[in-house]
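Have a look at the structure below, then the notes.
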Amino acid sequence: MLTSKEKSDTKRLPMMPIRDVVIFPHMMTPFVVGRESSVRALEEALATDKKIFLSTQHEATVDEPRPDEIYQVGTVANIVQSVRTPDGNIKVLVEGVERGKVLSVTEEEGFFRATVRTFAFKVESGPQVEALLSRVTSLFEQYVKLSQNLNYETMIAAIRVDDPGKLADTVSANLQLTIEEKQDLLEIFDPIDRLQRVAEMLDIEIEKLNVDRTIQGRVKRQMEKAQKEYYLNEKIKAIQKELGRGEKSEYDELKKKIEAAGMPKEAHEKAIAELRRLEQMPPMSAESTVSRNYLDWLLAVPWKEKTKEIRDLKFAQEVLENDHYGLEKIKERILEFLAVRRVVKNPRGSILLFVGPPGVGKTSLGQSIAKATGRKFVRLSLGGVRDEAEIRGHRRTYIGALPGQVIQMMKKAGTRNPVMMLDEIDKMTADFRGDPSAALLEVLDPEQNTSFQDHYLDVEYDLSEVFFIATANVLHTIPAALQDRMEVIRLSGYTELEKLEIAKRFLVKKQLEQTGLTPETVEFTEQGLKTLIHHYTREAGVRNLEREVGNVCRKITRAWVQTMPDKETKKSKEAKQEKTTVTRDKVVELLGPLKFRDFEAEKNNEVGVTVGLAWTEVGGQILQTEVTIMEGRGKLTLTGKLGDVMQESAQAAMSYIRSRAGVLGLPREFNKHLDIHVHVPEGAIPKDGPSAGITLATSITSALLNIPVRCDIAMTGEITLRGRVLAIGGLKEKLLAAHRQGIKEAILPKDNEKDLPEIPENIRTDMKLHFVSSMDEVLKLALEREVAMQPLAPVSAADIVARIEEDRAAKDAKVH
């Protein structure tokens with residue numbers, strides 16, 4: 001078999017990149033031209049000899065490909081026909097003439113012109129060539145018979161040729177190949193090599209078609225078998241019905257359950273329709289399983305079952321008192337709700353939101369409400385939920401679809417009127433799958449939840465009798481629309497006395513039981529519990545306190561067990577166990593060094609050091625502010641990881657002091673020659689909020705005037721540029737923190753005086769509270785000596801710095 005290259009030729013032709021098609025020589029191919037550059041190339045070819053070079057581009061999505069984004073081998077074609085359509089495009093019919101390889105490409109007048117080299121090959125006939133032609137022809141006939149996309153007569157007529165190159169191109173153009181595979185065939189110039197490659201590809205494609213035919217036959221047989229089974233099952237049912245034999249079918253049982261479920265009309269009709277569909281399905285089909293699961297869920301959800309509600313206020317009060325100490329206002333609100341439900345015949349479901357720091361008893365309050373009213377209690381944790389389908393469920397079209405968590409909780413409760421706790425509602429997030437808080441809007445709206453629609457059940461379900469209780473640590477992460485649907489009840493942190501009583505009544509007893517101890521063998525003294533509260537926990541609630549009590553009990557149990565012999569009866573164990581009294585020293589011995597120390601207020605009044613009060617998610621906190629002054633150019637430095645709002649408060653305080661410079665006895669341009677550094681210790685902890693305004697202003701004023709700040713007084717309040725003191729939030733938590741740390745006086749905004757009834761009685765008794773409305777009053781109370789609020793002799797910045805240095809030197813000398 002011999003192949004010889006006869007000649008090569010070089011041509012310059014207009015070049016058109018084409019998409020999603022490879023054009024072979026000897027083939028007639030129609031396509032539409034729409035790109036401006038392609039239209040110009042086509043018009044140039046029509047204006048000359050109607051020859052154009054067509055080459056496929058690499059990526060079909062590129063509208064204006066560069067030369068390096070177009071294959072280098074294409075086809076020289078004759079334009080047989082071209083017609084312009086009304087939309088501006090051109091329909092073209094071309095006939096491939098010969099292969100060509102691009103040598104160079106230039107851009108002329110908005111289109112590409114390529115220098116193309118073409119090759120002509122002469123094939124000498126012989127037995128090997130004839131055998132190859134016959135093999136390819138035979139394989140292509142098999143391929144056409146197996147394929148359903150090609151006309152047999154047309155294809156057989158097209159391949160009746162003796163030219164190997166033409167045969168290879170004809171077969172290549174009609175094979176179901178990818179663009180890359182067809183391009184590979186186009187780039188083979190030698191006719192014999194190309195024909196051999198076509199034969200290999202035909203073998204592969206025929207094998208694929210044979211496999212497809214086998215699979216289709218198997219699927220058809222399985223479908224025929226399923227139809228046969230369905231027909232025979234129907235025959236058996238008919239025969240049994242005629243003979244009156246056999247037990248009632250599963251479908252009859254399902255129908256009975258549907259009738260007895262007490263569903264509303266819409267749900268009943270849907271259940272009956274689904275049951276009829278189920279009867280028509282083959283028992284082993286996938287659709288049958290989906291339909292049966294749906295019916296099971298419809299029947300599992302409580303439609304008419306209700307728990308008889310206990311409306312005895314005396315009993316409810318006893319339950320709340322036994323389960324929780326303190327929280328008097330919260331208990332009053334809960335009893336008010338229960339009183340209304342006793343008077344109103346058909347009350348709507350109540351929706352409460354308990355907001356407070358961790359460990360104050362929000363979740364256990366919900367359990368107590370369920371116990372007091374005799375209802376079932378279910379808890380749905382919303383922390384980290386970010387998919388709307390968690391609330392509303394998935395549609396049945398999805399594999400493994402289930403109802404949402406609300407319907408699942410109703411099934412778990414088994415009644416229409418449970419107490420449902422939506423725990424950690426402030427921890428929900430949203431992503432591309434939807435916003436679960438938006439789905440809760442319908443659940444928690446008394447006007448809408450009578451007809452709540454789960455995506456899976458796809459029928460209306462009445463949630464109006466459910467007592468919803470949501471819990472959260474903070475409010476700002478809950479959308480306003482969702483907050484509007486709930487009555488917010490705030491739970492502040494416990495006082496020291498409340499924690500002590502809770503430990504005595506609940507925590508010690510619980511931990512003794514869990515560690516195998518008894519009150520006869522272990523006794524916690526009041527001083528020991530106070531040590532745990534003060535020096536081993538820092539929290540608004542009692543969760544860590546319970547953990548530390550348990551830690552003490554476990555260590556006592558371990559010490560007791562280690563002193564016993566290996567073999568001993570239970571009776572002798574109890575007899576030999578000595579009573580352990582947990583005192584302050586015993587706590588330190590068991591738990592090690594103190595984790596927290598009381599806030600150590602400065603023993604002496606210091607210049608520029610002020611005690612502030614802050615609110616955090618876990619309760620109130622003491623915040624000490626320090627200010628120092630240096631010679632400089634008027635720079636105000638703020639450190640301690642302060643947030644934007646707190647930094648703005650510092651700027652407002654500074655502006656107030658500058659505006660009052662003359663009255664305070666400061667030079668009017670003191671800030672131009674001094675650098676002021678404000679630092680809030682515990683720099684790794686982020687701090688923000690406007691309530692530190694008067695604290696910052698007091699510290700800066702103290703440092704500038706060199707007047708010490710009283711060390712036994714704390715303060716909180718927002719400051720304006722005019723020196724007004726504005727109201728703040730979290731007053732109870734802040735005063736609890738101050739009381740915990742032994743501070744005896746506090747300066748508070750006048751507008752917060754209305755919140756005084758919410759402050760525990762022992763705090764109002766132990767602490768002296770000053771309510772102020774202006775910064776002048778704050779300075780009068782906080783500074784060691786009163787500021788003369790009148791113009792004084794001008795003092796230079798250098799004098800201020802010198803005065804500070806003298807004061808520091810005097811202190812150093814005193815220390816030495």
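The values are calculated or read from the model by the stated rules, or taken from the named source; none is laboratory data. The shown structure was predicted, so the numbers you read here are calculated from the model rather than taken from an experiment. All Cβ positions, even for glycine, are placed from backbone atoms using ideal geometry, and neighbour counts span all protein chains on display. The accessibility values were calculated without ligands, DNA or RNA, using every heavy atom of the protein model including side chains. Shrake-Rupley method; radii C 1.70, N 1.55, O 1.52, S 1.80 Å.
Under the 0.36 nm per residue contour assumption, what length would be gained going from the current alpha-carbon distance of Lys220 and Ala120 to full extension?
30.9 nm
Cα atoms only, the chain: Rg and Dmax in Å?
Spelled out, the Cα radius of gyration and Dmax of the chain are 44.0, 124 Å.
Probe radius 1.4 Å, ligands and nucleic acids ignored: give me the carbon and sulfur share of the accessible area of the stretch 602-705 as a rounded percent.
Numbers: 2150 of 4490 Å².
Solvent-exposed carbon and sulfur of the stretch 602-705 make up 48 percent of the total.
Once label points are set 7 Å from the Cα along Cα→Cβ at both Thr521 and Glu279, what is their separation, rounded to one decimal in nm?
6.7
Any idea how far apart Ala260 and Glu328 come out in nm if each label point goes 7 Å out from Cα toward Cβ?
A separation of 5.3 nm, rounded to one decimal place.
Mind scanning Lys50/Lys122; Lys122/Lys166; Lys635/Lys780 and naming the pairs with a C-alpha gap bigger than 20 Å?
Beyond 20 Å between Cα atoms: Lys50/Lys122; Lys635/Lys780.
In percent, how large is the relative contact order of the stretch 495-548, given Cα pairs closer than 8 Å and 6 or more residues apart?
For the stretch 495-548, the relative contact order is 44 percent.
Determine by what factor the alpha-carbon radius of gyration of the stretch 302-428 differs from 2.2 N^0.38 Å, reporting the quotient.
Against the empirical 2.2 N^0.38 Å value, I get 1.18 for the stretch 302-428.
Would you calculate, for the chain, the mean residue ellipticity at 222 nm contributed by helices, counting each DSSP H stretch of 4 or more residues as -39,500 (n - 2.57) and dividing by all residues, to the nearest 500?
So the calculated ellipticity at 222 nm is -13500 deg cm²/dmol.
Ignoring ligands, DNA and RNA, what accessible area per residue does the stretch 15-66 give at 1.4 Å, in Å²?
48
Carbon-plus-sulfur fraction of the accessible area of the stretch 198-335, 1.4 Å probe, in percent?
Solvent-exposed carbon and sulfur of the stretch 198-335 make up 53 percent of the total.
Tell me the carbon and sulfur percent of the accessible area for the stretch 362-480, rounded to whole percent, probe radius 1.4 Å.
49
Run the numbers on the stretch 390-490 and let me know its relative contact order in percent, using alpha-carbon pairs under 8 Å that are six or more apart.
It comes to 33 percent, rounded to a whole number.
Listed here are the pairs Lys331/Lys504; Lys509/Lys744; Lys308/Lys411; Lys331/Lys750; Lys499/Lys555; which of them are more than 26 Å apart at the Cα?
Pairs exceeding 26 Å: Lys509/Lys744; Lys331/Lys750.
Report the calculated FRET efficiency for Gln148 and Val211 (r = Cβ-Cβ distance, R0 = 22 Å), to the nearest 0.05.
That gives a FRET efficiency of 0.90.
Determine the alpha carbon to alpha carbon distance for each of Lys51/Lys91; Lys257/Lys376; Lys304/Lys376 and list only those over 18 Å.
Values: Lys51/Lys91 16 Å; Lys257/Lys376 24 Å; Lys304/Lys376 15 Å.
Listed pairs above 18 Å: Lys257/Lys376.
What shape does the stretch 16-97 take by its C-alpha gyration tensor, where a ≥ b ≥ c are the square roots of the eigenvalues and a/c under 1.5 counts as rounded, a/b above b/c as prolate, and the rest as oblate?
It comes out oblate by the Cα gyration axes.
Provide the per residue accessible area, probe 1.4 Å, for the stretch 284-380, rounded to a whole number of square angstrom.
On the way: 4860 Å² over 97 residues.
With the other protein chains kept in place, the stretch 284-380 gives 50 Å² per residue.
Percent antiparallel among DSSP beta bridges with both residues in the chain, to the nearest 5?
Close to 60 percent.
In nm, give the distance between the simple-model label positions of Gln448 and Ala60, each being 7 Å from the Cα along the Cα-to-Cβ direction.
Rounded to a tenth, the inter-label distance reads 4.4 nm.
At 37 °C and 0.692 mPa s, grab the translational diffusion coefficient of the stretch 91-189 from Stokes-Einstein with a Kirkwood Rh over Cα pairs, rounded to a whole number in µm² per second.
This corresponds to a translational diffusion coefficient of 205 µm²/s.
For Cα pairs less than 8 Å apart in space and 6+ apart in sequence, what is the mean separation divided by the residue count of the chain, i.e. the relative contact order in percent?
After rounding, I find 7 percent.
Aspartates and glutamates near Lys101 by alpha-carbon distance under 12 Å, same-chain residues fewer than 8 away left out - which ones?
Asp9, Glu187
So what's the angle, to the nearest 10 degrees on a 0 to 90 scale, between helix 36-47 and the longest Cα principal axis of the chain?
With both axes taken from Cα atoms, the answer is about 10 degrees.
Could the peptides 336-344, 775-783, 722-730, 638-646 be put in order, highest first, of the mean number of other beta-carbon atoms found within 10 Å of their residues?
775-783, 722-730, 638-646, 336-344
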